[in-house]
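Beneath this line is the structure, given in structure tokens, with notes to follow.
The values are calculated or read from the model by the stated rules, or taken from the named source; none is laboratory data. All figures in this text were calculated on a predicted structure; none of them were measured in a lab. With ideal geometry, Cβ positions are generated from the backbone for all residues, glycine too; neighbour counts draw on all protein chains shown. Please note that ligands, DNA and RNA were not included when accessible areas were found on the heavy atoms of the full protein model with its side chains. Shrake-Rupley method; radii C 1.70, N 1.55, O 1.52, S 1.80 Å.
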Amino acid sequence: MEDRLVIRGIEFRSRLWVGTGKYKDFEETAKAVEESGTDVVTVAVRRVNILDRKTPNLLDYIDPKRYKILPNTAGCYTVEDALRYSRLAREAGVSDMVKLEVIGDDKTLFPDVCGLLEATEILAKEGFIVFPYTNDDPIVAKRLVDAGAAAVMPLGAPIGSGLGIRNPYNIKIILETVDSPVIVDAGVGTASDAATAMELGCDAVLINTGIAGAKEPVAMAAAMKHAVIAGRLAYKAGRIPKKLYATASSPLEGMLL
């Protein structure tokens, strides 16, 4: 209770946020979400039906009364598309929050930084709580916060790559640069990657492919839950400094000869 994550007055009980793409079906999605212990579930408005409750709908399996639904604009390559799908989700009563993606390249799925900044500023002025997915550039992160972002979500590695935190030094600089929560998004492949992000001091981790693409997604969801908890505890506990040479675990002073 003393280590709560609060963003714009919203309290989050878990620091593991979970995506809902790439599972074999809605049933598996629901089981993995349950096992992860999360209370934040991201949903691609363009790709998963959450707007029409008269047809098969993810929200029949993920209870909006139990989970915070975070619509995302995955698949949007223009500012106009990102704005449109953000507004559609809010108008449908899903959420004022949005995980904002403006993709700039088909092959790498790296963000279009200029478009991302523009869309962030527009949505923030419209009262959205904006969580922009960005690269690991500290200057861009600072400008996104200045534009009104509620938090920044730098990639650990390209989306779906499973490469882990490829540039922990940039993530660390972002943490020192922005006065806003930092949530690693993209690239986490296994539990140790999630723990690394949390040990750096990140406020949360968002994972989709790392769970959904595992051989046993439900088991991986549990592994990620424990990794995020362990990484956060280790960060708060404070690791020992790294040294080139050994230091005896037991002091030599006072030893009987």
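Please find, among Tyr169, Tyr133, the residue that is on the phi < 0 side of the Ramachandran plot and either in a strand (DSSP E or B) or small (Gly, Ala, Ser) (or both).
Tyr133
Ala149 - would you say it is assigned to a loop (DSSP other than H, G, I, E, B) and open to solvent by less than 20 Å² (accessible area, probe 1.4 Å)?
It is true that Ala149 is assigned to a loop (DSSP other than H, G, I, E, B) and open to solvent by less than 20 Å² (accessible area, probe 1.4 Å).
If I ask for residues that are among the small types (Gly, Ala, Ser) and either open to solvent by less than 30 Å² (accessible area, probe 1.4 Å) or under 23 Å from Ala237 (Cβ atoms) (or both), which ones from the stretch 193-216 would you list?
Within the stretch 193-216, Ala194, Ala195, Ala197, Gly201, Ala204, Gly210, Ala212, Ala214 qualify.
Those residues that are buried (at least 18 other Cβ atoms within 10 Å of the Cβ) and farther than 19 Å from Phe128 by Cα, I need them from the stretch 61-75; list them, please.
Hit for the stretch 61-75 is Ile62, nothing else.
Could you run through the stretch 84-130 and say how many residues are in a helix (DSSP H, G or I), open to solvent by less than 60 Å² (accessible area, probe 1.4 Å) and either more than 20 Å from Ile171 (Cα to Cα) or touching a Cys at 6+ places or on another chain (Cβ under 6 Å) (or both)? Explain how you work it out, then say what you get.
Residues of the stretch 84-130 in a helix (DSSP H, G or I): 84-91, 113-125.
From what is left, the residues that are open to solvent by less than 60 Å² (accessible area, probe 1.4 Å) are 85-86, 88-89, 113, 115-117, 119-120, 122-124.
Filter once more, keeping what is either more than 20 Å from Ile171 (Cα to Cα) or touching a Cys at 6+ places or on another chain (Cβ under 6 Å) (or both): 85-86, 88-89, 115, 119-120, 122-124.
So the answer is 10.
Val33 is checked against (1) modelled with pLDDT of 95 or more; (2) within 19 Å of Gly160 (Cβ to Cβ); (3) touching an Asp or Glu at 6+ places or on another chain (Cβ under 7 Å) and fails just one. What number does that condition carry?
Among (1) modelled with pLDDT of 95 or more; (2) within 19 Å of Gly160 (Cβ to Cβ); (3) touching an Asp or Glu at 6+ places or on another chain (Cβ under 7 Å), Val33 violates only (3).
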